[in-house]
Amino acid sequence: MSDRSTPHEEALLAQRIQTGDREALGELYDQYASVALAVALRIVADRGQAEDLVHDSFVTVWEKIDRYDSARGSLRSWVLTIVRNRSIDRVRATRPGIEIGEADAQSLLQTDTNPTWDAAVARLGSAELRAAMATLPDEQREAIELAYFGGHTYREIAGIKGIAEGTANGRLRLGLAKLRSSLRLTDAAPGSGGTDQ
Amino acid sequence: MSEQMSHELVDELAAAFALGALDADEARAVAEHLASCQEPHEEARAALGASMALAMSLEPAQPSAGLRDRLMQTVERTPQPWLAAAPAPLQERPARARGWRDRLLPRLMVPLAAVAAVAVIALGVLNLNLQSQLADRDRALRAVADAIASGQAAFRVEGQDGRGYVVDTAGSGSTLVVADLTSLPADKLYELWLLDAAGTPVAVGTFRPSATEPAVVHVEKDLTGYTTFAVTVESQRVDSPTLPNGADSLVMVGAVGS
(Lines give C-alpha, C1' and ligand atoms only; values in the text may rest on other atoms or scores of the structure.)
Protein backbone atom coordinates (compact mmCIF):
# COMPACT_ATOMS: atom_id res chain seq x y z
CA MET A 1 0.00 0.00 0.00
CA SER A 2 1.37 3.44 -0.90
CA ASP A 3 1.60 6.21 1.67
CA ARG A 4 -1.57 7.82 0.30
CA SER A 5 -4.24 5.10 0.22
CA THR A 6 -7.41 5.17 -1.79
CA PRO A 7 -10.71 5.15 0.10
CA HIS A 8 -11.19 1.58 -1.08
CA GLU A 9 -7.85 0.48 0.37
CA GLU A 10 -8.56 2.29 3.63
CA ALA A 11 -11.98 0.68 3.95
CA LEU A 12 -10.47 -2.76 3.48
CA LEU A 13 -7.73 -2.03 5.99
CA ALA A 14 -10.27 -0.87 8.56
CA GLN A 15 -12.30 -3.99 8.03
CA ARG A 16 -9.30 -6.25 8.45
CA ILE A 17 -8.43 -4.53 11.73
CA GLN A 18 -12.01 -4.98 12.89
CA THR A 19 -11.77 -8.71 12.27
CA GLY A 20 -8.75 -8.93 14.59
CA ASP A 21 -6.00 -8.83 11.97
CA ARG A 22 -2.94 -7.50 13.80
CA GLU A 23 -0.93 -7.40 10.58
CA ALA A 24 -3.43 -4.89 9.24
CA LEU A 25 -2.83 -2.64 12.24
CA GLY A 26 0.88 -2.96 11.54
CA GLU A 27 0.28 -1.82 7.97
CA LEU A 28 -1.67 1.15 9.25
CA TYR A 29 1.18 1.98 11.62
CA ASP A 30 3.76 1.71 8.81
CA GLN A 31 1.73 4.12 6.75
CA TYR A 32 0.95 6.86 9.26
CA ALA A 33 3.31 6.51 12.24
CA SER A 34 5.78 9.12 10.98
CA VAL A 35 3.06 11.72 10.44
CA ALA A 36 1.44 10.79 13.73
CA LEU A 37 4.74 11.21 15.55
CA ALA A 38 5.29 14.58 13.88
CA VAL A 39 1.91 15.77 15.15
CA ALA A 40 2.49 14.51 18.70
CA LEU A 41 6.04 15.87 18.77
CA ARG A 42 4.90 19.30 17.61
CA ILE A 43 2.32 19.42 20.42
CA VAL A 44 4.14 17.93 23.41
CA ALA A 45 7.72 18.78 22.32
CA ASP A 46 9.13 15.66 23.99
CA ARG A 47 10.11 12.62 21.93
CA GLY A 48 9.51 10.04 24.66
CA GLN A 49 6.06 11.38 25.44
CA ALA A 50 5.27 11.71 21.73
CA GLU A 51 6.14 8.07 21.05
CA ASP A 52 4.03 6.98 24.01
CA LEU A 53 1.13 8.96 22.60
CA VAL A 54 1.53 7.42 19.14
CA HIS A 55 1.65 3.95 20.71
CA ASP A 56 -1.47 4.62 22.79
CA SER A 57 -3.30 6.12 19.84
CA PHE A 58 -2.78 3.05 17.66
CA VAL A 59 -3.92 0.85 20.56
CA THR A 60 -7.05 3.03 20.68
CA VAL A 61 -7.58 2.41 16.97
CA TRP A 62 -7.32 -1.33 17.66
CA GLU A 63 -9.80 -1.16 20.52
CA LYS A 64 -12.32 1.22 18.92
CA ILE A 65 -12.17 0.48 15.21
CA ASP A 66 -15.79 -0.68 15.42
CA ARG A 67 -16.78 2.96 15.97
CA TYR A 68 -14.99 4.19 12.87
CA ASP A 69 -17.35 5.06 10.03
CA SER A 70 -15.64 5.25 6.65
CA ALA A 71 -18.58 7.20 5.27
CA ARG A 72 -17.72 10.13 7.55
CA GLY A 73 -14.05 10.49 6.85
CA SER A 74 -10.76 8.84 6.04
CA LEU A 75 -9.00 6.40 8.32
CA ARG A 76 -5.96 8.68 8.18
CA SER A 77 -8.07 11.60 9.40
CA TRP A 78 -9.37 9.54 12.32
CA VAL A 79 -5.95 8.25 13.32
CA LEU A 80 -4.32 11.68 13.23
CA THR A 81 -7.24 13.27 15.06
CA ILE A 82 -6.86 10.71 17.85
CA VAL A 83 -3.13 11.47 18.06
CA ARG A 84 -3.73 15.23 18.06
CA ASN A 85 -6.48 15.12 20.67
CA ARG A 86 -4.59 12.77 22.98
CA SER A 87 -1.53 15.00 22.69
CA ILE A 88 -3.61 18.07 23.48
CA ASP A 89 -5.06 16.23 26.48
CA ARG A 90 -1.51 15.57 27.69
CA VAL A 91 -0.59 19.24 27.39
CA ARG A 92 -3.84 20.41 28.96
CA ALA A 93 -3.27 18.18 31.97
CA THR A 94 -0.51 20.60 32.93
CA ARG A 95 -2.81 23.60 32.70
CA PRO A 96 -5.04 24.36 35.69
CA GLY A 97 -8.79 24.42 35.20
CA ILE A 98 -8.85 22.74 31.81
CA GLU A 99 -11.26 19.88 31.18
CA ILE A 100 -9.47 16.79 29.89
CA GLY A 101 -10.24 13.17 29.20
CA GLU A 102 -12.57 13.45 26.21
CA ALA A 103 -9.90 13.11 23.57
CA ASP A 104 -11.18 9.93 21.96
CA ALA A 105 -14.82 10.98 22.04
CA GLN A 106 -13.85 14.28 20.44
CA SER A 107 -11.91 12.41 17.78
CA LEU A 108 -15.04 10.64 16.62
CA LEU A 109 -16.82 14.00 16.34
CA GLN A 110 -14.02 15.61 14.39
CA THR A 111 -13.43 12.87 11.84
CA ASP A 112 -15.88 14.40 9.36
CA THR A 113 -14.01 15.58 6.35
CA ASN A 114 -14.44 17.22 2.99
CA PRO A 115 -13.35 15.69 -0.33
CA THR A 116 -11.62 18.88 -1.44
CA TRP A 117 -9.27 18.86 1.56
CA ASP A 118 -8.67 15.14 1.10
CA ALA A 119 -7.83 15.77 -2.56
CA ALA A 120 -5.43 18.56 -1.66
CA VAL A 121 -3.66 16.40 0.91
CA ALA A 122 -3.45 13.54 -1.58
CA ARG A 123 -2.11 15.84 -4.30
CA LEU A 124 0.41 17.87 -2.36
CA GLY A 125 3.50 17.05 -0.34
CA SER A 126 4.24 18.38 3.12
CA ALA A 127 6.51 21.11 1.70
CA GLU A 128 3.73 22.45 -0.51
CA LEU A 129 1.28 22.37 2.37
CA ARG A 130 3.78 24.27 4.52
CA ALA A 131 4.22 26.81 1.72
CA ALA A 132 0.47 27.35 1.65
CA MET A 133 0.49 27.90 5.43
CA ALA A 134 3.25 30.44 4.97
CA THR A 135 1.02 32.57 2.74
CA LEU A 136 -1.32 33.30 5.65
CA PRO A 137 -1.07 36.63 7.45
CA ASP A 138 0.84 36.13 10.70
CA GLU A 139 -2.13 36.69 12.99
CA GLN A 140 -4.25 34.13 11.14
CA ARG A 141 -1.51 31.50 11.00
CA GLU A 142 -0.76 32.05 14.68
CA ALA A 143 -4.44 31.67 15.60
CA ILE A 144 -4.71 28.45 13.60
CA GLU A 145 -1.55 27.01 15.16
CA LEU A 146 -2.66 27.98 18.67
CA ALA A 147 -5.91 26.13 17.99
CA TYR A 148 -4.70 22.99 16.26
CA PHE A 149 -1.24 22.47 17.71
CA GLY A 150 -1.72 24.37 20.96
CA GLY A 151 -5.13 22.93 21.80
CA HIS A 152 -6.61 26.31 22.65
CA THR A 153 -10.24 27.20 22.11
CA TYR A 154 -10.98 30.41 20.28
CA ARG A 155 -11.96 31.96 23.62
CA GLU A 156 -8.57 31.02 25.06
CA ILE A 157 -6.88 32.45 21.98
CA ALA A 158 -8.74 35.71 22.56
CA GLY A 159 -7.40 35.80 26.12
CA ILE A 160 -3.85 34.93 25.06
CA LYS A 161 -3.76 37.57 22.35
CA GLY A 162 -5.81 40.18 24.18
CA ILE A 163 -8.43 40.41 21.45
CA ALA A 164 -12.21 39.95 21.32
CA GLU A 165 -13.57 36.40 21.06
CA GLY A 166 -15.22 37.28 17.76
CA THR A 167 -11.89 38.49 16.41
CA ALA A 168 -10.17 35.27 17.46
CA ASN A 169 -12.88 33.21 15.81
CA GLY A 170 -12.73 35.46 12.74
CA ARG A 171 -9.00 34.86 12.37
CA LEU A 172 -9.64 31.10 12.29
CA ARG A 173 -12.36 31.52 9.66
CA LEU A 174 -10.37 33.85 7.48
CA GLY A 175 -7.22 31.79 7.88
CA LEU A 176 -8.92 28.61 6.71
CA ALA A 177 -10.56 30.49 3.83
CA LYS A 178 -7.20 31.82 2.69
CA LEU A 179 -5.59 28.42 3.08
CA ARG A 180 -8.27 26.94 0.88
CA SER A 181 -7.60 29.66 -1.65
CA SER A 182 -3.84 29.03 -1.55
CA LEU A 183 -4.42 25.34 -2.11
CA ARG A 184 -6.80 26.19 -4.96
CA LEU A 185 -9.70 24.38 -3.37
CA THR A 186 -12.70 25.40 -5.36
CA ASP A 187 -15.86 24.59 -3.47
CA ALA A 188 -17.61 26.78 -0.93
CA ALA A 189 -15.50 28.88 1.38
CA PRO A 190 -15.97 31.96 3.52
CA GLY A 191 -16.21 34.97 1.33
CA SER A 192 -13.60 37.37 2.60
CA GLY A 193 -9.90 37.18 2.02
CA GLY A 194 -9.19 40.04 4.45
CA THR A 195 -6.47 40.03 7.03
CA ASP A 196 -8.43 40.52 10.21
CA GLN A 197 -11.66 41.54 11.83
CA MET B 1 -24.29 24.31 25.63
CA SER B 2 -26.49 21.34 24.84
CA GLU B 3 -29.37 23.28 23.23
CA GLN B 4 -29.71 23.33 19.46
CA MET B 5 -27.60 25.82 17.58
CA SER B 6 -28.88 28.18 14.92
CA HIS B 7 -27.70 27.71 11.35
CA GLU B 8 -25.82 31.00 11.54
CA LEU B 9 -23.96 30.06 14.70
CA VAL B 10 -22.96 26.69 13.24
CA ASP B 11 -21.48 28.46 10.22
CA GLU B 12 -19.70 30.96 12.45
CA LEU B 13 -18.13 28.23 14.58
CA ALA B 14 -17.34 25.78 11.79
CA ALA B 15 -13.68 26.77 11.39
CA ALA B 16 -13.12 26.56 15.13
CA PHE B 17 -14.87 23.17 15.12
CA ALA B 18 -12.68 21.88 12.29
CA LEU B 19 -9.55 22.99 14.16
CA GLY B 20 -10.64 21.51 17.49
CA ALA B 21 -10.98 25.00 18.99
CA LEU B 22 -14.40 24.59 20.60
CA ASP B 23 -15.11 23.27 24.04
CA ALA B 24 -16.62 19.78 24.21
CA ASP B 25 -20.27 20.84 24.45
CA GLU B 26 -20.01 23.30 21.59
CA ALA B 27 -18.22 20.75 19.41
CA ARG B 28 -20.90 18.17 20.12
CA ALA B 29 -23.66 20.66 19.26
CA VAL B 30 -22.03 21.62 15.96
CA ALA B 31 -21.44 17.98 15.04
CA GLU B 32 -25.04 17.03 15.84
CA HIS B 33 -26.38 19.98 13.86
CA LEU B 34 -24.32 19.18 10.78
CA ALA B 35 -25.22 15.51 11.00
CA SER B 36 -28.96 16.16 10.99
CA CYS B 37 -29.46 19.50 9.21
CA GLN B 38 -30.87 19.58 5.68
CA GLU B 39 -29.41 23.03 4.95
CA PRO B 40 -26.29 23.03 2.74
CA HIS B 41 -24.05 24.77 5.32
CA GLU B 42 -21.49 25.26 2.59
CA GLU B 43 -19.09 27.30 4.68
CA ALA B 44 -19.23 24.83 7.55
CA ARG B 45 -18.76 21.77 5.39
CA ALA B 46 -15.94 23.47 3.47
CA ALA B 47 -14.01 23.80 6.73
CA LEU B 48 -14.31 20.13 7.70
CA GLY B 49 -11.11 18.25 7.10
CA ALA B 50 -8.89 21.35 7.18
CA SER B 51 -6.97 19.97 10.14
CA MET B 52 -5.67 17.17 7.93
CA ALA B 53 -3.78 19.71 5.82
CA LEU B 54 -2.15 21.06 8.99
CA ALA B 55 -1.10 17.62 10.20
CA MET B 56 0.23 16.62 6.79
CA SER B 57 2.17 19.88 6.45
CA LEU B 58 4.57 18.74 9.18
CA GLU B 59 7.89 17.15 8.33
CA PRO B 60 7.41 13.43 9.11
CA ALA B 61 9.34 12.18 12.16
CA GLN B 62 10.82 8.69 12.11
CA PRO B 63 9.73 6.66 15.16
CA SER B 64 12.42 4.79 17.08
CA ALA B 65 13.04 1.23 15.94
CA GLY B 66 11.36 -0.43 18.91
CA LEU B 67 8.07 1.43 18.83
CA ARG B 68 6.41 -0.82 16.27
CA ASP B 69 7.40 -3.96 18.20
CA ARG B 70 6.10 -2.42 21.42
CA LEU B 71 2.79 -1.65 19.73
CA MET B 72 2.47 -5.16 18.33
CA GLN B 73 3.20 -6.68 21.73
CA THR B 74 0.55 -4.49 23.35
CA VAL B 75 -2.00 -5.32 20.69
CA GLU B 76 -1.32 -9.03 21.06
CA ARG B 77 -2.53 -8.92 24.64
CA THR B 78 -5.31 -6.38 24.03
CA PRO B 79 -8.64 -7.99 23.15
CA GLN B 80 -11.05 -6.25 20.85
CA PRO B 81 -14.22 -6.01 22.95
CA TRP B 82 -16.60 -7.17 20.25
CA LEU B 83 -14.48 -10.25 19.55
CA ALA B 84 -13.88 -11.01 23.22
CA ALA B 85 -17.64 -11.01 23.86
CA ALA B 86 -18.44 -13.26 20.93
CA PRO B 87 -19.93 -16.71 21.50
CA ALA B 88 -17.80 -19.82 21.06
CA PRO B 89 -16.77 -20.40 17.46
CA LEU B 90 -19.11 -22.46 15.36
CA GLN B 91 -18.01 -25.60 13.60
CA GLU B 92 -15.53 -24.92 10.84
CA ARG B 93 -16.30 -26.42 7.46
CA PRO B 94 -13.63 -28.52 5.78
CA ALA B 95 -10.85 -26.42 4.31
CA ARG B 96 -11.19 -25.65 0.63
CA ALA B 97 -8.42 -23.15 0.18
CA ARG B 98 -5.18 -22.22 1.87
CA GLY B 99 -3.37 -18.98 2.68
CA TRP B 100 -4.63 -15.74 4.19
CA ARG B 101 -8.24 -16.72 3.73
CA ASP B 102 -7.74 -19.53 6.21
CA ARG B 103 -6.11 -17.19 8.69
CA LEU B 104 -9.09 -14.86 8.45
CA LEU B 105 -11.67 -17.55 9.05
CA PRO B 106 -11.56 -17.73 12.85
CA ARG B 107 -12.02 -13.97 13.06
CA LEU B 108 -14.75 -13.87 10.49
CA MET B 109 -16.75 -16.52 12.31
CA VAL B 110 -17.47 -13.90 14.95
CA PRO B 111 -20.06 -11.98 12.93
CA LEU B 112 -22.12 -15.16 12.64
CA ALA B 113 -24.30 -14.12 15.54
CA ALA B 114 -25.08 -10.90 13.72
CA VAL B 115 -25.62 -12.84 10.51
CA ALA B 116 -28.13 -14.99 12.29
CA ALA B 117 -29.93 -11.86 13.46
CA VAL B 118 -29.97 -10.43 9.95
CA ALA B 119 -31.23 -13.68 8.54
CA VAL B 120 -33.94 -13.95 11.17
CA ILE B 121 -35.06 -10.40 10.48
CA ALA B 122 -34.89 -11.07 6.78
CA LEU B 123 -36.97 -14.22 7.09
CA GLY B 124 -39.45 -12.43 9.32
CA VAL B 125 -39.91 -9.63 6.84
CA LEU B 126 -40.13 -12.15 4.07
CA ASN B 127 -43.05 -13.85 5.78
CA LEU B 128 -45.18 -10.80 5.01
CA ASN B 129 -45.63 -11.98 1.47
CA LEU B 130 -43.87 -15.29 1.24
CA GLN B 131 -45.50 -18.12 -0.75
CA SER B 132 -45.54 -18.01 -4.50
CA GLN B 133 -44.27 -14.52 -5.34
CA LEU B 134 -40.98 -14.86 -3.55
CA ALA B 135 -40.09 -18.48 -4.05
CA ASP B 136 -36.61 -17.70 -5.36
CA ARG B 137 -35.92 -15.30 -2.53
CA ASP B 138 -37.21 -17.80 -0.01
CA ARG B 139 -34.85 -20.44 -1.32
CA ALA B 140 -31.95 -18.01 -1.09
CA LEU B 141 -32.77 -17.09 2.50
CA ARG B 142 -33.21 -20.71 3.43
CA ALA B 143 -29.76 -21.32 2.02
CA VAL B 144 -28.44 -18.55 4.23
CA ALA B 145 -30.16 -19.99 7.28
CA ASP B 146 -28.86 -23.47 6.48
CA ALA B 147 -25.35 -22.12 6.02
CA ILE B 148 -25.47 -20.39 9.37
CA ALA B 149 -26.85 -23.49 11.06
CA SER B 150 -24.04 -25.60 9.67
CA GLY B 151 -21.37 -23.13 10.73
CA GLN B 152 -20.30 -22.00 7.30
CA ALA B 153 -18.35 -18.81 6.75
CA ALA B 154 -20.02 -15.41 6.63
CA PHE B 155 -18.35 -12.17 5.61
CA ARG B 156 -19.46 -8.65 6.39
CA VAL B 157 -19.98 -6.17 3.57
CA GLU B 158 -20.52 -2.57 4.64
CA GLY B 159 -20.19 1.06 3.71
CA GLN B 160 -22.04 4.32 3.38
CA ASP B 161 -25.17 2.78 1.82
CA GLY B 162 -25.78 -0.07 4.26
CA ARG B 163 -24.39 -3.29 5.60
CA GLY B 164 -25.02 -6.95 5.13
CA TYR B 165 -23.41 -10.35 4.93
CA VAL B 166 -22.31 -12.82 2.33
CA VAL B 167 -22.74 -16.45 3.31
CA ASP B 168 -20.77 -19.03 1.36
CA THR B 169 -23.26 -21.80 0.70
CA ALA B 170 -20.65 -24.39 -0.21
CA GLY B 171 -21.27 -26.14 -3.47
CA SER B 172 -24.02 -23.78 -4.56
CA GLY B 173 -22.29 -20.41 -4.70
CA SER B 174 -22.92 -17.75 -2.09
CA THR B 175 -25.65 -15.38 -1.00
CA LEU B 176 -25.56 -11.69 -0.11
CA VAL B 177 -28.20 -10.38 2.31
CA VAL B 178 -28.44 -6.64 2.97
CA ALA B 179 -31.21 -5.43 5.25
CA ASP B 180 -30.76 -1.65 5.56
CA LEU B 181 -29.93 -0.32 2.12
CA THR B 182 -30.13 3.32 1.16
CA SER B 183 -32.89 3.82 -1.41
CA LEU B 184 -31.93 4.68 -5.00
CA PRO B 185 -33.53 6.66 -7.84
CA ALA B 186 -35.61 4.56 -10.24
CA ASP B 187 -32.88 4.47 -12.89
CA LYS B 188 -30.17 3.21 -10.51
CA LEU B 189 -29.38 -0.16 -9.01
CA TYR B 190 -26.69 -1.77 -6.92
CA GLU B 191 -24.05 -4.00 -8.48
CA LEU B 192 -22.18 -6.66 -6.50
CA TRP B 193 -18.60 -7.36 -7.60
CA LEU B 194 -15.91 -9.90 -6.77
CA LEU B 195 -12.25 -8.88 -7.03
CA ASP B 196 -9.20 -11.10 -7.05
CA ALA B 197 -5.88 -10.24 -5.39
CA ALA B 198 -4.81 -8.32 -8.49
CA GLY B 199 -7.91 -6.14 -8.23
CA THR B 200 -9.61 -7.59 -11.32
CA PRO B 201 -13.36 -7.09 -10.90
CA VAL B 202 -16.14 -9.41 -11.97
CA ALA B 203 -19.75 -8.23 -11.81
CA VAL B 204 -21.81 -11.00 -10.22
CA GLY B 205 -25.28 -9.59 -9.62
CA THR B 206 -27.52 -6.58 -9.32
CA PHE B 207 -30.10 -5.73 -6.72
CA ARG B 208 -32.36 -2.91 -5.56
CA PRO B 209 -33.37 -1.81 -2.06
CA SER B 210 -36.88 -2.22 -0.77
CA ALA B 211 -38.58 -0.55 2.14
CA THR B 212 -39.99 -3.82 3.41
CA GLU B 213 -37.63 -6.57 2.32
CA PRO B 214 -33.95 -7.34 2.56
CA ALA B 215 -32.01 -7.37 -0.66
CA VAL B 216 -30.85 -10.87 -1.54
CA VAL B 217 -28.36 -11.70 -4.27
CA HIS B 218 -27.38 -15.24 -5.11
CA VAL B 219 -23.85 -15.51 -6.48
CA GLU B 220 -23.26 -18.62 -8.51
CA LYS B 221 -19.53 -18.07 -8.89
CA ASP B 222 -17.22 -19.98 -6.55
CA LEU B 223 -15.46 -17.56 -4.19
CA THR B 224 -12.12 -19.38 -4.41
CA GLY B 225 -9.48 -17.02 -5.75
CA TYR B 226 -11.38 -13.86 -4.86
CA THR B 227 -10.34 -11.56 -2.04
CA THR B 228 -12.87 -8.74 -1.99
CA PHE B 229 -16.56 -7.98 -2.30
CA ALA B 230 -17.53 -4.53 -3.53
CA VAL B 231 -20.87 -2.86 -4.19
CA THR B 232 -21.33 0.07 -6.54
CA VAL B 233 -24.27 2.11 -7.73
CA GLU B 234 -24.85 1.65 -11.44
CA SER B 235 -27.29 3.01 -13.96
CA GLN B 236 -27.67 -0.39 -15.59
CA ARG B 237 -26.20 -3.89 -15.53
CA VAL B 238 -22.52 -3.85 -16.57
CA ASP B 239 -21.54 -6.86 -18.66
CA SER B 240 -17.95 -5.82 -19.43
CA PRO B 241 -17.04 -4.25 -16.14
CA THR B 242 -14.22 -2.00 -15.10
CA LEU B 243 -14.74 -1.34 -11.41
CA PRO B 244 -14.46 2.40 -10.70
CA ASN B 245 -11.88 3.34 -8.11
CA GLY B 246 -13.67 6.44 -6.87
CA ALA B 247 -15.24 6.68 -3.44
CA ASP B 248 -18.44 8.09 -4.94
CA SER B 249 -19.47 4.88 -6.63
CA LEU B 250 -17.97 2.33 -4.21
CA VAL B 251 -20.60 2.18 -1.51
CA MET B 252 -19.86 -1.08 0.31
CA VAL B 253 -16.82 -3.35 0.60
CA GLY B 254 -15.94 -6.57 2.35
CA ALA B 255 -13.14 -9.13 2.52
CA VAL B 256 -13.65 -12.68 1.30
CA GLY B 257 -12.62 -15.43 3.68
CA SER B 258 -13.00 -19.17 3.38
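The values are calculated or read from the model by the stated rules, or taken from the named source; none is laboratory data. Everything numeric here is computed off the predicted structure, so don't read it as measured data. Glycine also receives a Cβ, built like all others from the backbone with ideal geometry; neighbour counts cover every protein chain displayed.
Criterion first (more than 21 Å from A:A45 (Cβ to Cβ) and at pLDDT below 70) does A:A105 satisfy it? Lay out the reasoning, then the answer.
Details: more than 21 Å from A:A45 (Cβ to Cβ): yes; at pLDDT below 70: yes.
Yes; evaluated as a whole, the condition is true for this residue.
Residues that are within 13 Å of chain A (Cβ to nearest Cβ) and at pLDDT 75 or above number at least 2 in the following strands (runs of 3 or more DSSP E) confined to the range B:205-258: B:226-234, B:250-255.
Scanning the range B:35-64 for residues that are at the interface with chain A (Cβ under 7 Å from one of its Cβ atoms) and either on the phi > 0 side of the Ramachandran plot or at pLDDT below 90 (or both) gives B:E42, B:E43, B:R45, B:A46, B:A47, B:L48, B:G49, B:A50, B:S51, B:M52, B:A53. Evaluation of B:D187 against the conditions (1) more than 21 Å from A:H8 (Cα to Cα); (2) at pLDDT 70 or above; (3) outside any strand (DSSP E or B) shows that the sole unmet condition is (2).
Please return the ranges of helices (runs of 4 or more DSSP H) entirely within the range A:1-94 where 2 or more residues are of a type in the set (D, E, K, R), within 7 Å of chain B (Cβ to nearest Cβ) and in contact with a Pro (Cβ under 9 Å, 6 or more places away or on another chain).
Numbers: elements: A:7-18, A:22-44, A:47-64, A:75-92.
Hits in the range A:1-94: A:47-64.
Could you tell me which of the residues B:R77, B:R28, B:R93 is modelled with pLDDT of 80 or more, over 29 Å from A:A122 (Cβ atoms), within 30 Å of the chain's Cα centre (by Cα) and more than 9 Å from chain A (Cβ to nearest Cβ)?
Working: B:R28 fails: more than 9 Å from chain A (Cβ to nearest Cβ); B:R93 fails: modelled with pLDDT of 80 or more.
Going through B:R77, B:R28, B:R93 in turn, the sole match is B:R77.
Restricting the range A:132-144 to residues that are facing chain B (nearest Cβ under 9 Å) and at pLDDT below 95, the residue that is nearest to the chain's Cα centre (by Cα) is A:M133. Listed by position, the helices (runs of 4 or more DSSP H) inside the range B:17-86 whose residues that are out of contact with any helix residue (DSSP H, G or I) (no Cβ under 9 Å at 6 or more places or on another chain) number at least 2 are B:24-36, B:66-76. Condition first: at pLDDT below 75, under 17 Å from the mean Cα position of the chain (by Cα) and of a type in the set (D, E). Can you find one or more residues in the range B:147-164 that meet it? Yes, the range B:147-164 contains at least one residue that is at pLDDT below 75, under 17 Å from the mean Cα position of the chain (by Cα) and of a type in the set (D, E).
The residue that is nearest to the other protein chains (Cβ to nearest Cβ), counting only those in the range A:157-172 that are of a type in the set (D, E, K, R) and under 15 Å from A:E145 (Cβ atoms), is A:R171.
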